């Protein structure tokens, strides 16, 4: 079976298990992931995300602009001077 075909057949449950294993560094049964397993899981998770999820659902997603530049955030239009005696 080709890698892309294998990734396309992953279920959302398996995807979440792989993602959780990477986050905590352990399999659901408590065994620690080796570096090779972490790497393989990360590649599978990222491939799954690019094939099946919207970009907003990808790990590490950041919107195109920060919230402070968003039009929905009110901005102060005048400065206030505070005098401390």
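If the segment from residue 34 to residue 4 were pulled out straight at 0.36 nm per residue, it would be longer than the present Cα-Cα gap by 8.5 nm. Across the range 3-56, the relative contact order, built from alpha-carbon pairs under 8 Å that are at least six residues apart, equals 40 percent. The distance between label points at residue 11 and residue 42 comes to 2.8 nm (points 7 Å beyond Cα on the Cα→Cβ vector).
If R0 equals 25 Å, the separation of the Cβ atoms of residue 23 and residue 50 corresponds to a calculated FRET efficiency of about 0.85.
From the Cα gyration tensor of the range 3-56, with a ≥ b ≥ c the square roots of its eigenvalues, which class applies: rounded if a/c is under 1.5, or else prolate if a/b is larger than b/c, or else oblate? Here the range 3-56 falls in the prolate category.
Only the coordinates and a few stated rules stand behind these numbers; no lab work does. In this text the structure is predicted, and so the values were computed from the model without any measurement. Reconstructed Cβ throughout: ideal geometry from the backbone, glycine too, with neighbour counts over all protein chains shown.
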